[in-house]
1. Relative contact order of region 95-156, please, whole-number percent, based on alpha carbon pairs below 8 angstrom and at least 6 residues apart.
2. How far is the Cα center of region 125-149 from the Cα center of region 20-78, in Å?
3. Could you work out the relative contact order of region 3-283? I mean the mean sequence separation of Cα pairs under 8 Å and 6+ apart, divided by the number of residues, in percent.
4. What is region 141-284's relative contact order, in percent, from Cα pairs under 8 angstrom and six or more apart in sequence?
5. What FRET efficiency comes out for residue 273 versus residue 250 if R0 is 25 angstrom and r is the Cβ-Cβ distance? Round to the nearest 0.05.
6. Once the piece of chain linking residue 104 and residue 229 is laid out straight, how much longer is it, given 0.36 nm per residue of separation minus the C-alpha distance between them?
7. Using the beta-carbon distance between residue 260 and residue 88 and R0 = 25 Å, what value does 1/(1 + (r/R0)^6) give for FRET efficiency, to the nearest 0.05?
8. Taking the mean number of other Cβ atoms within 10 Å as a proxy for protection, how do you rank 252-260, 231-239 from highest to lowest?
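Read-outs: derived from the displayed coordinates by stated rules, not from any lab. As the structure is a computational prediction, the values presented were derived from the model and not from experiment. All Cβ positions, even for glycine, are placed from backbone atoms using ideal geometry, and neighbour counts span all protein chains on display.
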Ligand SMILES: Cc1ncc(C[n+]2csc(CCOP(=O)(O)OP(=O)(O)O)c2C)c(N)n1
């Protein structure tokens with residue numbers, strides 16, 4: 001990736017991270033940790049990879065995204081707003097009555113949201129059907145399926161993976177957000193996960209593991225996955241829950257954060273100010 005493109009995607013990631021922080025701070029609470037761990041992936045998808053048209057969200061011949069860990073809706077909405085699917089003002093309506101941006105994604109409400117998710121595991125099967133449909137229609141398009149590592153406790157994920165791998169559904173690229181934490185603790189303490197790369201390889205996936213905050217590495221892994229036509233493809237993202245904001249990375253309980261105490265409020269305000277400063281400098 002050339003330097004200009006990298007700068008562009010870094011700037012987009014900063015804007016997405018700022019949007020996430022601003023909308024959750026405005027709401028007063030929300031799924032912060034698992035949203036922030038996906039910022040760089042969203043920047044690469046919406047800034048580089050996706051064949052989509054925000055002016056025509058239902059365009060037939062489009063790539064699709066399934067955010068199976070639907071509680072990370074805030075990062076998807078931020079990416080969609082930055083890509084121009086809807087006005088950024090909508091972000092401040094997250095979870096309001098009558099909003100187009102419910103806390104978990106709803107394909108009937110939000111332009112750009114291709115699958116309703118939130119009940120963990122279920123997005124994986126939906127993605128199978130979508131990717132299969134693209135193939136049956138003869139479309140040369142991708143379905144990008146994003147799952148959480150805690151979500152992988154759901155057996156449904158492994159049924160879907162077996163189908164994707166067994167049918168060599170190479171247009172369904174699976175991302176595992178390995179941020180090592182789930183709702184109430186570390187994945188290793190709740191249900192020991194073993195090695196995702198070894199597991200996915202054993203299922204028949206061509207599997208790569210990259211740092212989940214490394215924009216160049218994510219983009220290169222996607223290109224490699226797209227070039228591999230011989231098997232299904234998985235990219236394990238080695239991420240940090242709360243990624244990119246040290247205070248929230250280190251906060252013990254950062255799954256759903258409330259901005260109702262001095263420390264969290266101060267950290268959010270500082271992060272927002274720092275991101276605004278970075279963006280202003282980059283755009284100067
Ligand atoms: C079927 C189902 N069971 C439980 C929940 C409640 N829940 C929401 S998020 C979450 C933890 C998910 O962990 P992970 O996939 O690792 O998400 P991340 O840490 O990346 O936010 C749980 C148990 C749910 N949404 N769906």
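1. 24
2. Each part's Cα centre sits 17 Å from the other's.
3. 23
4. Details: 187 pairs, mean separation 35.1, N = 144.
Relative contact order here is 24 percent.
5. Numbers: r = 19 Å, r/R0 = 0.76.
Step by step, r from the Cβ atoms, then E = 0.85.
6. Details: separation 125, 0.36 × 125 = 45.00 nm, distance 3.28 nm.
Here the answer is 41.7 nm.
7. Values: r = 25 Å, r/R0 = 1.01.
According to the calculation, E is roughly 0.50.
8. Result, highest mean Cβ count within 10 Å first: 231-239, 252-260.
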